[in-house]
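Participant: Please read through the structure below; I'll follow up with questions.
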């Protein structure tokens, strides 16, 4: 197969592993910087150009779209869909998962466990927001946050009020969530491919830090999932419409709760912690499913 990987940097671990896994199975792999793609949006013959040339057809596209360029990156994926190319994660699913508020509403509608979450625009609602999530300590999270950035733990009510007012002063969109103290600064990253969790790791925050992201010094280790956790991760990924995703779960007193569903999960931490060939499993999934015109949305939405 002729495969395109949409990535800003071919030297990133995840991109390199996908290249290696695809080439080992005899595929022709090309890495495209999606920000350098430009599109001919024509109903009769849509096309994508790259470095001055129109791209030849691909059998499959693997999007690795960073959160900061979701708008343009998803537009490139949508153009591939219009051309009938199979995209591992489709544009609608990517944008759906990147919108934290929308994704939580979708998961809540499906009855999937979530931390108690509040959202408001009015400056008059600060006290009510805090009360909805059970008071301090609580977490205030920017909707555009990623890798733990823009996520603040407020240990007192006065601190929560100050952070909320500060974010409002910046015209920032944010969520207020309950702090799941019993998780002990740890979460679980489940790597879901299709309808199966293929790898899982526990991420433990470093001392005096509540964010367990590996980018912030968190430590990764192997973990055994419960059947409920495994089912929750798969259901969350399916509700987002993602074929490959990283589902982040907390262990709470009332069962597993989903923090986020990531459409471009990093492979380094989970492959290192588990020893699983996740990149190879992604390529094998594409081999089984990539067919011309199989894209569900065909660029719609």
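Participant: Where in the stretch 75-174 are the helices (runs of 4 or more DSSP H), entirely inside, with at least 2 residues that are more than 21 Å from the chain's Cα centre (by Cα) and outside the structural domain of residue 243 (by TED's automatic domain parsing)?
Facilitator: It comes to 126-132, 157-169.
Participant: While we're here: Can you name every residue in the stretch 34-51 that is in contact (Cβ under 8 Å) with a residue 12 or more places away in the chain and out of contact with any strand residue (DSSP E or B) (no Cβ under 8 Å at 6 or more places or on another chain)?
Facilitator: 35, 41, 51
Participant: If the requirement is being modelled with pLDDT under 90, surrounded by fewer than 21 Cβ atoms within 10 Å (Cβ to Cβ) and in contact with a strand residue (DSSP E or B) (Cβ under 8 Å, 6 or more places away or on another chain), which of these qualifies: 220, 207?
Facilitator: 220
Participant: Can you tell which of 108, 93 is buried (at least 21 other Cβ atoms within 10 Å of the Cβ) and at pLDDT 95 or above?
Facilitator: 93
Participant: Let me ask another. Which numbered condition in (1) over 30 Å from residue 287 (Cα atoms); (2) touching a helix residue (DSSP H, G or I) at 6+ places or on another chain (Cβ under 8 Å) is the only one that residue 196 fails?
Facilitator: (1)
Participant: For the stretch 1-11, does any single residue satisfy the condition of being surrounded by fewer than 18 Cβ atoms within 10 Å (Cβ to Cβ), in a strand (DSSP E or B) and more than 22 Å from the chain's Cα centre (by Cα)?
Facilitator: Checked against the condition, which is being surrounded by fewer than 18 Cβ atoms within 10 Å (Cβ to Cβ), in a strand (DSSP E or B) and more than 22 Å from the chain's Cα centre (by Cα), the stretch 1-11 yields at least one hit.
Participant: What number goes with the only condition from (1) modelled with pLDDT under 95; (2) under 26 Å from residue 19 (Cβ atoms); (3) in contact with a strand residue (DSSP E or B) (Cβ under 7 Å, 6 or more places away or on another chain) that residue 100 does not pass?
Facilitator: Going through (1) modelled with pLDDT under 95; (2) under 26 Å from residue 19 (Cβ atoms); (3) in contact with a strand residue (DSSP E or B) (Cβ under 7 Å, 6 or more places away or on another chain) one by one, residue 100 breaks only (2).
Participant: Just to verify a result, which residue in the stretch 244-276, among those that are in contact with a helix residue (DSSP H, G or I) (Cβ under 7 Å, 6 or more places away or on another chain) and assigned to a loop (DSSP other than H, G, I, E, B), is surrounded by the most Cβ atoms within 10 Å (Cβ to Cβ)?
Facilitator: Residue satisfying both the conditions and the ranking: 263.
The values are calculated or read from the model by the stated rules, or taken from the named source; none is laboratory data. Keep in mind it's a predicted model, so treat the numbers as computed, not measured. Cβ atoms come from the backbone with ideal geometry, glycine included; neighbour counts cover every protein chain shown.
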